[in-house]
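Single-structure report; data block below.
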Amino acid sequence: MKMTVLALLAAAEAIALRQAAEASPVQHVLVQMPLLVLAGVLISWDMRGRRRVWAVPLLLTALTAFLFWMLPRSVDWALTPAGETAKYLSLPLLLGVPLRLSWPWLAPVLRGFLKANVLSMLGVLGFLYTHAPLRICNSYLVSAQQDLGFAFLQLAVVLACIWAVPVLFGHPRWLPSGSAGCSKCGA
Amino acid sequence: MNTISENYVPGHAAAAPQAGAVKLTMVLSGAVFALMMVFGLLMRAAQGQWIDLDAALFYQLLTAHGAGMVGTAALSGAAIMWYFCGRHLVLSGGIFWAFLGLFLLGVVLILGAIFIGGYGGAWTFLFPLPALSGGAWEAGAAAAFMLGYTAIGVGFLLYYLELGRRIHARYGSLVRALGWNLILGREDNDPPPPAIVAAAAVTIFNSIGIILGAAVLVASLVHLLVPGFEVDALLAKNLIYFFGHVFINASIYMAVTAVYEILPEYTGKPWKSNRLFAIAWNAVLIFVMAVYWHHLLQDVVMPPWMLVVGQLVSYFSGIPLIAVTAFSTFLYVRGSRMTWDLASSLLVLSVAGWSVGSIPASIDGMISVNKVMHNTMWVPGHFHTYLLLGEVVMAFGFMAWLVRGKTISQMDGLDRAAFVTYLAGAAGFVTVFLFSGAASIPRRWAVHYEEWLAHDRIGTLFGGLVVLGTLVFVLRFAARLGRREG
Amino acid sequence: MAARFLPSVLAAVAGGGILWLATDGARAFTSEAARRLDVLQSPRKVPEVLLEDMASRPVPLLPQAGEVVLVEFIYTVCGDICQIAAADFAEIRDRLQGQGVQVRLLSVSFDPERDTPEQMAIYGDAHEADGIMWTIARPEQKDLSGLLKLFDVTVIPDEWEGFQHNAAIHVISSDGRFSAVYDTDAVEAVVAYLGEAQP
C-alpha cells in the first residue's frame, strides 16, 4: 500500500514536470524520465517475480526500453503528443516493472556488469553531449545539450560512489541487509 | 557447499581449482608471446634493413605487437592471479571460461582488423587517428579493432567483478582485504595474504580503468560510425592513457602474485602481509592511477599542476615497489639456501628486471628530460625492461613452476642455456633501445637513416636470442604439460 | 532445454528488432538524421505557397519550368550559423551559375515579423544575393507553421533573443517534391547532386 502511494506520487511529480521537461533536457532526461521508471519500480515493489526463468526475458525487455529512450531522436519524439503518451506508459511498465521483477534473480556478476555498463555509458553520453559539434536534439539549445552532458558525468560520479562504498568499506550497519546484497535471492 | 577451508590448501598445483583452464591460458599466452616477439624481431630487422618490409605492414605489425603484448601480458597476469587467489577464495570457473572466451573473441577481431582490414593506428587508438587513415584502412577495420578491445574489456570486467565479489564475501570489505587493519594497527585474526592484497588493489584500479576505457572506446566507436559526433581530443587522450597505463601496470601487479606464492616454497619462509606491505600496496593503488599524466608531459595544453603531479608521482611510484617487493625478495633469497631451478631463477630475475625498469621510467617522467626523450627509443627501452625482464619473465617462471616435478632440483643443461640466452638477449635488447634513445633515434619510424643501422642490427641480434630462449621455454612447457597429463 | 531459453531468445530478438526499427536500421540516431533519411526515401509534396521577397515582390516556393529550388531557413539578424551558411550558399550559387544549371536559391525567413523586405535586403546585400537566382523571402504568418512542419524544421528561441534551428539546405526537385537535405557546408555534395539531376 505504502509503495503504491509512493509510486503514484512519483508519477504525479513526473506529470507535474511536463513544462519543465520541454524547457530543459536535464529536467526531461534526468528527472522526469527516472521518476517514471521509479513509479514502475515502486508499483511492483511487493510483487514477487515468481519464477527465475522470466528474469532474463524481463531484463531484456527493460534493456530494450532503456536503450530506446536513450536514443536522441526518442527524446525529441517524447515532446510530441504520441511520443509523450508512449513515454508515460512505457517507462514505468516496460522499464521500471520488468527491472524490479528481474533484478533479485540476476547473478551478482551480471548485476555488477550492468552497473559498470551504466557508468561507462553515462561517460559516453557525457563525452558526446558536452562536445558534439552538432545539435543532438532539435528541440533543445546547444547550451542545454552541454548542461545535459555534464549532468550525465555528475550522475556517473554519484552512482559510482553509491555503488562502490559498500564494496570498499563493507555493508553499513544502518542499512537493511537485503537492499544491497544478494543474500536473499539465492543467486 | 564449499567452504573456504576446504579449498585452501597451500602448496601444490593439484590443489588449485581450475588449474586446467589456467594451464590452457598459459599455453596460449606463451604461444602469443613468441609470435609477438617474432613480429618485434621483424620490425627491428626491417629498421636495420636486413629485410624489406612495406611501411604499411610495419605499422600493422607495430599495432599487432602493441595490442598483442599488452593483451597477453594482462591475460597471463590474470591467469596467474586467478590461480593463486583460488588458494584463498572460492572462484567460479564459469567466469574464467567466459573471460577466456571473450578474450579470444577480441583477439580474432583485432587480428582481423589489422591483417585483413589493414588497421595500423597503434594500440593506443588515439582520437582521431583511427578515423583518419588517409586511405590505409576503412572505418570498419578501426571499428573491428575497437570492438575487439571492447570484448576483451568485458571479459576483464567479469573477471574483476567475480574476484571483487568473492574477496568482499570472504573479507567483508575490500579495504580489509587491502590490509587496512594492518595499517591502522587494529586486531585482525585473519589478515589477507599478499596475493589477496594485490588482488584487491588490482581489482579496484583496473575496474576503474576498464570502465573509463570502455567510455572512451564506445565514444570513439560512435565517432567512427557516425562522424557527426566528435569527442574532446584532449579528454580522449587523457582517458586512453589512464586506461592504457593502468591496464599494462595491472598485468605486472597481477603476475607478481606468483612471486609471493611461489618463492616461499624455495626459501621455506612464508611471505606474510605486514603493515609496510599493506601501506605499499595502498600507495600503489593511488600512484598507478595518478601517474599516467607523465604520458602527457608534451601536451602543452594540459594544466601544469597535472604535469607536476605526473612527474612527482613518477618519482614516488618506484618506492613502494622497490621498498617492499624487491627489497623483501632480496632479504628472502639472501637468508635462505634456495635451489636455483628454472622457476625460482626466473621469478627472482623478474623482480630485478621490474625494479631496474622503473629507473628509465622515472628519468623519462622528468618534464625537462621528457621533452627531449619521449619520442625516442628511450621509451620502448623503458617499457621493454619491465615487460621483457619483468612481467613476461614472471609468466615464464610461473609456467616453469606449474610443470616442475614434486621435488625441486637444479636446472638441467637446456633450461640453463635457455635462461642464459634469454637473459643475455633481453638485457642486450633493452640496452640497445636505451642507447638509441640517448642518441635521439626516434621511435615508431618504419624506415631508418644509415647512421642508425648499427643500433638496429645489434638490437635485432639480441632480439633473436630472446626469441630463441622464449621458444625453448614455451615448447618445453607444452611438452612437460603433455607428459604430465598424458 | 530449448523451452528454457525460448523466452530469452524471443525477448532478445524482439528487443533488437524494435531498436533496429527505431533507428531505421541503425542509420538514424537523431531526429535530424531521421528526417533526412525519410525525405530521401519518400519525398514530400510541397504545396503552392507564395513568398514575399526583399523587393516586396511575390515569388513562388515551387520550382518553375524544370528548375530545382534550394531552400535555407534563416532569420536575418542571426549571429552565427546563418551568416556562415549564407557564404556557402553564395559559393553554391557561383558554382552552379558557372555550370549553367537551372536552379533557384531561396533563403526563407522563419521570423516574418522582424524580417521586413528592408531587413531582408540588408541581409541579401551583405551576401550578394542578386534577387533573381538567389533571393531572400518571407512567408505569410499563416503559412509559416505549415512550412516548418513540412520541412521538419524546429525553431526554438535562444538565450540572446535569437533562435536556434536545424539549419540545412533543402532540395525541392523539379517535380515539386522536397526530396533531399544537405548540411549547409556540403557545397560539393549539393553541386554534385544538381549536376546529376540536370546533366
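The values are calculated or read from the model by the stated rules, or taken from the named source; none is laboratory data. Given the structure is predicted, the values throughout are model-derived calculations rather than measurements. All Cβ positions, even for glycine, are placed from backbone atoms using ideal geometry, and neighbour counts span all protein chains on display.
Below is a table of values for the structure above.
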item	result
Members of region B:76-99 found to be in contact with a Gly (Cβ under 9 Å, 6 or more places away or on another chain) and over 16 Å from B:L161 (Cα atoms), listed by number	B:S76, B:R87
Within region C:71-110, tally of residues that are at pLDDT 85 or above, surrounded by fewer than 23 Cβ atoms within 10 Å (Cβ to Cβ) and among the small types (G, A, S)	3
Some residue of region B:217-235 being surrounded by fewer than 22 Cβ atoms within 10 Å (Cβ to Cβ), within 13 Å of another protein chain (Cβ to nearest Cβ) and among the small types (G, A, S)	yes
Residues being out of contact with any Pro (no Cβ under 6 Å at 6 or more places or on another chain) and within 7 Å of chain C (Cβ to nearest Cβ) - total across region A:55-70	6
When residues of region B:262-307 are limited to those that are among the polar types (S, T, N, Q) and not in a loop (DSSP other than H, G, I, E, B), the one farthest from the chain's Cα centre (by Cα)	B:T267
Residue in region C:3-14 that is assigned to a loop (DSSP other than H, G, I, E, B) and either facing another protein chain (nearest Cβ under 8 Å) or farther than 22 Å from A:V53 by Cα (or both) present	no
Scope region B:329-359; condition in a helix (DSSP H, G or I) and farther than 17 Å from B:T257 by Cα; matching residues	B:L331, B:R334, B:L342, B:V356, B:G357, B:S358, B:I359
Filter pass, A:C161 being within 25 Å of B:L178 (Cβ to Cβ), part of a helix (DSSP H, G or I) and either touching a helix residue (DSSP H, G or I) at 6+ places or on another chain (Cβ under 8 Å) or modelled with pLDDT of 90 or more (or both)	yes
Flag if B:R404 is touching a Pro at 6+ places or on another chain (Cβ under 6 Å) and touching a residue at least 60 places away in the same chain (Cβ under 8 Å)	no
Candidates B:E261, B:E187, B:E265, filtered to the one that is free of Cβ contacts under 8 Å to residues at least 12 places away in the same chain, more than 14 Å from chain A (Cβ to nearest Cβ) and of a type outside the set (S, T, Y)	B:E187
Single residue of C:R36, C:R44 found to be in contact (Cβ under 8 Å) with a residue 60 or more places away in the chain, away from chain A (no Cβ under 14 Å) and either surrounded by 16 or more Cβ atoms within 10 Å (Cβ to Cβ) or closer than 21 Å to C:Y182 by Cα (or both)	C:R44
Tabulated pairs, region A:164-179, first on the phi < 0 side of the Ramachandran plot, second at pLDDT 60 or above and assigned to a helix (DSSP H, G or I), C-beta under 6 angstrom, 6+ apart or interchain	A:V167/B:H168; A:V167/B:L174; A:L168/B:L174; A:L168/B:V175; A:F169/B:V175
Residue in region C:84-102 that is part of a strand (DSSP E or B) and of a type outside the set (S, T, N, Q) present	no
Index of the failed condition, B:Q410 passing every other in (1) touching a helix residue (DSSP H, G or I) at 6+ places or on another chain (Cβ under 6 Å); (2) among the polar types (S, T, N, Q); (3) closer than 23 Å to B:A352 by Cα	(1)
Selection within region C:124-143 - outside any loop (DSSP other than H, G, I, E, B) and surrounded by fewer than 20 Cβ atoms within 10 Å (Cβ to Cβ)	C:D125, C:A126, C:Q141, C:K142, C:D143
Identity of the residue in region A:122-149, touching a strand residue (DSSP E or B) at 6+ places or on another chain (Cβ under 8 Å), free of Cβ contacts under 8 Å to residues at least 24 places away in the same chain and away from chain B (no Cβ under 13 Å), that ends up surrounded by the most Cβ atoms within 10 Å (Cβ to Cβ)	A:L141
Residues satisfying the stated conditions in region C:15-33, i.e. within 7 Å of another protein chain (Cβ to nearest Cβ) and not in a helix (DSSP H, G or I)	C:T23, C:A28, C:F29, C:T30
Flag if B:A280 is out of contact with any Cys (no Cβ under 8 Å at 6 or more places or on another chain) and without any contact (Cβ under 8 Å) to a residue 60 or more places away in the chain	yes
Qualifying residue in region C:69-89 (condition: more than 12 Å from chain A (Cβ to nearest Cβ) and touching a Pro at 6+ places or on another chain (Cβ under 8 Å))	yes
Selection count where residues are under 30 Å from B:L297 (Cα atoms) and touching a residue at least 60 places away in the same chain (Cβ under 8 Å), scope region B:328-356	4
Residues of region B:29-80 that turn out to be part of a helix (DSSP H, G or I), of a type outside the set (A, V, I, L, M) and farther than 19 Å from B:G120 by Cβ, as a count	6
Entirely in region A:1-86, the helices (runs of 4 or more DSSP H) that have 1 or more residues that are modelled with pLDDT of 90 or more and over 30 Å from C:E32 (Cβ atoms)	A:33-43, A:55-70
Subset tally (residues that are part of a loop (DSSP other than H, G, I, E, B), under 13 Å from C:F110 (Cα atoms) and more than 9 Å from every other protein chain (Cβ to nearest Cβ)) for region C:150-168	2
Top-ranked residue in region A:85-113 [being facing chain B (nearest Cβ under 10 Å) and free of Cβ contacts under 8 Å to residues at least 24 places away in the same chain; ranked as farthest from A:F68 (Cα to Cα)]	A:V109
Yes/no for B:I152 being closer than 30 Å to A:A132 by Cβ, surrounded by 24 or more Cβ atoms within 10 Å (Cβ to Cβ), within 9 Å of chain A (Cβ to nearest Cβ) and among the hydrophobic types (A, V, I, L, M, F, W, C)	no
Evaluation of B:V301 against (1) surrounded by 15 or more Cβ atoms within 10 Å (Cβ to Cβ); (2) among the hydrophobic types (A, V, I, L, M, F, W, C); (3) more than 24 Å from B:F477 (Cβ to Cβ) (one fails), failing number	(1)
Residue within region B:118-132 that is within 19 Å of the chain's Cα centre (by Cα), at pLDDT 95 or above and over 18 Å from A:V124 (Cα atoms) present	no
In region C:129-172, the residues that are of a type in the set (D, E) and free of Cβ contacts under 8 Å to residues at least 12 places away in the same chain	C:D130, C:D158, C:E159, C:E161
Single residue of region B:155-171 satisfying the filter (small (G, A, S) and at the interface with chain A (Cβ under 10 Å from one of its Cβ atoms)) that is nearest to B:Y83 (Cα to Cα)	B:G164
